[in-house]
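Below: the structure, in structure tokens.
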Amino acid sequence: MTSFATPLQLGPLLLKNRVIMSSLTRDRNRVPGPLQVEYYTQRTGAGLILTEGTLIEPQAGIFSDEQVVGWKKIVDSVHAHNGHIFLQLWHVGRVAHPLLQDGRPNVAPSAIAAKG
């Protein structure tokens, strides 16, 4: 039987163990800040970290230069502690909440409005 503490080759990545931290939502201001850097850095003991759903739109995402800079700080800190991190890309499409769209129309593969 293989132990969780055993390294794992995952494609080109060698994970230090078989523990994978599942994604949790931690964003408060649409742009990752110092609390998120600390949060993910504290979890670098896991073999792999999966981030929260990160939109490819302005709200809580990786859309603007400011958001990219915020995520780079997280990635750099995780890597500095010999950790691995995957960014979970997320697009809510036609079910995006209209109050979070800043006046922009929802973008989706279908023009059919969501019910509810």
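Structure data summary
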| quantity | calculated |
| --- | --- |
| Nearest-0.05 FRET efficiency for Thr2 and Lys72, computed from C-beta distance (R0 25 Å) | 0.15 |
| GNM flexibility winner over the chain from Gly70, Gly11, Gly33 (Cα, springs under 10 Å) | Gly11 |
| Under-5 Å amide H pairs with Ile85, H placed in peptide plane, nonlocal only | Ile49 |
| J(HN,Hα) series, segment 70-80, from Karplus relation 6.51 cos²θ - 1.76 cosθ + 1.60, nearest Hz, glycine and proline x | x, 5, 4, 4, 5, 4, 4, 5, 4, 5, 5 |
| Gaussian network model of the chain, springs between alpha carbon atoms under 10 Å - residue of Asp76, Asp102, Asp65 with greatest fluctuation | Asp102 |
| Percent RCO, i.e. relative contact order, over the chain, from Cα pairs under 8 Å lying at least 6 residues apart | 22 |
| Fewest-first ranking of Trp71, Trp90, using other Cβ atoms within 10 Å as the exposure measure | Trp90, Trp71 |
| Spherically averaged projected area of segment 19-96 from its Cα convex hull (nm²) | 4.7 |
| Trypsin sites (Lys or Arg not before Pro) within segment 1-67, DSSP loop, no more than 11 other Cβ atoms inside 10 Å | Arg28 |
| GNM flexibility winner over the chain from Gly103, Gly53, Gly61 (Cα, springs under 10 Å) | Gly103 |
| CD proxy at 222 nm, helix term only [per DSSP H run n ≥ 4: -39500 (n - 2.57); per residue of the chain; nearest 500] | -6500 deg cm²/dmol |
| Two-site label geometry, Gln101 and Asp65: point separation in nm, points 7 Å out along Cα→Cβ | 2.8 |
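Values in this text are rule-based calculations from the coordinates and carry no lab data. Everything quoted here is computed from the prediction, not taken from an experiment. Don't worry about glycine lacking a Cβ; one is built from the backbone with ideal geometry, like all the others, and counts go over all protein chains shown.
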